[in-house]
1. Please work out which one of (1) open to solvent by 30 Å² or more (accessible area, probe 1.4 Å); (2) more than 24 Å from LEU317 (Cα to Cα) is the condition LYS377 fails and give its number.
2. Show me the strands (runs of 3 or more DSSP E) entirely contained within region 145-198 in which 3 or more residues are of a type in the set (Ser, Thr, Tyr) and either touching a helix residue (DSSP H, G or I) at 6+ places or on another chain (Cβ under 6 Å) or closer than 12 Å to ILE455 by Cα (or both).
3. Step by step: first the residues of region 381-405, then only those that are aliphatic (A, V, I, L, M) and open to solvent by 10 Å² or more (accessible area, probe 1.4 Å), then the one that is farthest from TYR195 (Cα to Cα). Which residue is that?
4. Take the residues in region 329-344 that are part of a loop (DSSP other than H, G, I, E, B) and buried (at least 21 other Cβ atoms within 10 Å of the Cβ); name whichever of them is modelled with the highest pLDDT.
5. Going by the conditions given, is PRO238 at pLDDT 90 or above, touching a helix residue (DSSP H, G or I) at 6+ places or on another chain (Cβ under 6 Å), surrounded by 16 or more Cβ atoms within 10 Å (Cβ to Cβ) and of a type outside the set (S, T, N, Q)?
6. For region 443-469: of the residues being in a loop (DSSP other than H, G, I, E, B) and closer than 18 Å to VAL146 by Cβ, which is most open to solvent (accessible area, probe 1.4 Å)?
7. Select from region 345-358 the residues that are open to solvent by 20 Å² or more (accessible area, probe 1.4 Å) and more than 18 Å from the chain's Cα centre (by Cα) and list them in ascending order.
8. Identify, please: which residue in region 152-203 is closer than 17 Å to PHE392 by Cα and open to solvent by 40 Å² or more (accessible area, probe 1.4 Å) and is, among those, nearest to the chain's Cα centre (by Cα)?
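The values are calculated or read from the model by the stated rules, or taken from the named source; none is laboratory data. Fair warning: this is a prediction, and the values are worked out from it, not measured in the lab. Don't worry about glycine lacking a Cβ; one is built from the backbone with ideal geometry, like all the others, and counts go over all protein chains shown. For accessibility, only protein heavy atoms count, side chains too; no ligands or nucleic acids. Shrake-Rupley method; radii C 1.70, N 1.55, O 1.52, S 1.80 Å.
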Amino acid sequence: MQTSQIRRNSRSRRHPELLAALLTVCCLAAAQETKAPTLTTPPAKAQTPAKPVPVPGLNNRIPGIGPAPGIGVHSPSPNAMPPTYGPARRPNGATTIRTREGTELTRRRDGKPADVRVPGRGMAIHHNLNGNRHVAVEWPDHSRIVAERGGRSYVQRPYIYRGREYAQRTYYVHGRVYDRFYARYPYRGAYLEMYTPTAYYRPAFYGWAYNPWAAPVPYAWGWSSYPWYGYYSYYLVPYPTYAGPAYWLTDYLIATSLAEAYQARVDAGMPVQAPFGAVPLTPQVRDEIALEVQRQISIENAEAQAAALNGPPNPALSGVPALLYDNAPHVFVAARDLDVIDTAGEECAISEGDALQLPGPPPAYATMAELVVLSNKGGPECRQGDAVTVGFADLQEMENHMRETIDQGLAELQSRQATGGLPAIPAPYRAAAVQAPFASDPDAPGPDPAAGALIKQQAQQADQAESQALGQASADDGSGVPMVFVGQSLSEVQARLGSPMSHVDMGATQIYLYPNRVKITFDRGAVVDIE
């Protein structure tokens, strides 16, 4: 369902009364537990594909989520800052300083830079443990540029349709430009961006994709001739036969992720060598991913029916809030390189194609979720079984990546049906996708042809900003803000800065105010924040 394949040239009619009825049904539908068929036992032959099992939608009283309609263009904070692209909390041994220009520099235990944040320019730079670098710059109107060395860089613009804000991203990958849309919604003090398809299939097709085939079928992918599979063949062994589309889509999802991860390493000039300590995907983990694929197909079917009536995207049905509170475990496939923190406070990496499980909902009003690592590719990556914390924004990006890739796979199934051993899709179910109203509006933006140049320019500006920050931190000539580290004791700070201009005593918490509007917060005698 590529956006470029569909013309945005018409407006859809509004059906407010039907929309209200539909959303009521979606939000109150009871959860039905579904179990995927095994690969060893051929499923019973179905006469006609049934509709997907409804996914329980939740109303907007989920803790932390704001009202779905009318999301505006205002940031949660007046100072727009993009995600850090680093861990959701500080790892053991990390130190943070603020330069005299106000730039925050965080170093790892070994002294190497991890994060550089330039609040005055809305810029965040993160160096991954895997050797990659993410640069993000965001403006108050939610425009954003992300420059990832070797990865999926993009330019993001806000797009308002019927009072609801969407983020339109133009991705620039290997010289190719394409776009995607995401519905923005507030959740627990931040805004998340939920992938929103620009077109949907008819319910009968989703029913065919959800249900098993009459008998398992073999399929030859032909990956052996591709360099990415030569590198990752230890990690992914495809199913010998496929009991249904969800299993075929599972291997498609993982293979696409691995191919992208391999190409990102090559494009970034990172070493491509045999890993050590890897834990490949097991058949059991792949079966769990197949169950998740089925859930996503069912979610999209419900979305399609709402979109047909001009219904807006509903994060309580298909966003992170729905996954956190449906009382079911969920498996995610990592969307990109990401550094996380385990329960011992140590930093480790995950990369695109790794599998992680969300075993249950986080505590009420938590700002991050705890996931369990199910597989890894070795090296600095987290070990199998590690419990790690992941921010909700990163969790939403994982969900987005899975849904986008499943959509691509559904289009591939349509084009490859009745070839290579795949069964034919019954003619009544092969209808073309219908464009969503927000994407068919004449004002809907298309891909930005200048995206590549903007991303390159932003990467160069990040090089300059980082160089200046490192130089200022090293110089520390006594002017501006001397270097003070998170974790230093109160006596160490006083020895370096002297007595404060004033201070606030709140028992265990102390706030010292120094010249140049420097505010240092201590908790139980140690620095916890520098502003």
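1. Checking LYS377 against (1) open to solvent by 30 Å² or more (accessible area, probe 1.4 Å); (2) more than 24 Å from LEU317 (Cα to Cα), the one that fails is (1).
2. Working: elements: 153-161, 164-173, 176-187, 190-195.
Where strands (runs of 3 or more DSSP E) fall fully within region 145-198 and carry at least 3 residues being of a type in the set (Ser, Thr, Tyr) and either touching a helix residue (DSSP H, G or I) at 6+ places or on another chain (Cβ under 6 Å) or closer than 12 Å to ILE455 by Cα (or both), they are 153-161, 164-173.
3. Let us first name the residues in region 381-405 that are aliphatic (A, V, I, L, M), namely 387-388, 390, 393, 395, 398, 402.
Those still in the list that are open to solvent by 10 Å² or more (accessible area, probe 1.4 Å) too: 387, 393.
Numbers: ALA387: 26, ALA393: 12 Å.
Among residues in region 381-405 that are aliphatic (A, V, I, L, M) and open to solvent by 10 Å² or more (accessible area, probe 1.4 Å), the one farthest from TYR195 (Cα to Cα) is ALA387.
4. Within region 329-344, the subset part of a loop (DSSP other than H, G, I, E, B) is 329, 334-337, 343-344.
Restricting the remaining residues to those that are buried (at least 21 other Cβ atoms within 10 Å of the Cβ) gives 334-337.
Numbers: ALA334: 95, ALA335: 92, ARG336: 90, ASP337: 91.
It comes out as ALA334.
5. On the way: at pLDDT 90 or above: yes; touching a helix residue (DSSP H, G or I) at 6+ places or on another chain (Cβ under 6 Å): yes; surrounded by 16 or more Cβ atoms within 10 Å (Cβ to Cβ): yes; of a type outside the set (S, T, N, Q): yes.
Here the answer is yes, as PRO238 does meet what is asked.
6. From region 443-469, those in a loop (DSSP other than H, G, I, E, B) are 443-450; that's our starting set.
Subset that is closer than 18 Å to VAL146 by Cβ: 445, 447-450.
Details: PRO445: 39, PRO447: 62, ASP448: 31, PRO449: 127, ALA450: 45 Å².
Across region 443-469, the extreme among qualifying residues is PRO449.
7. Result: GLU346, GLU347.
8. TYR191
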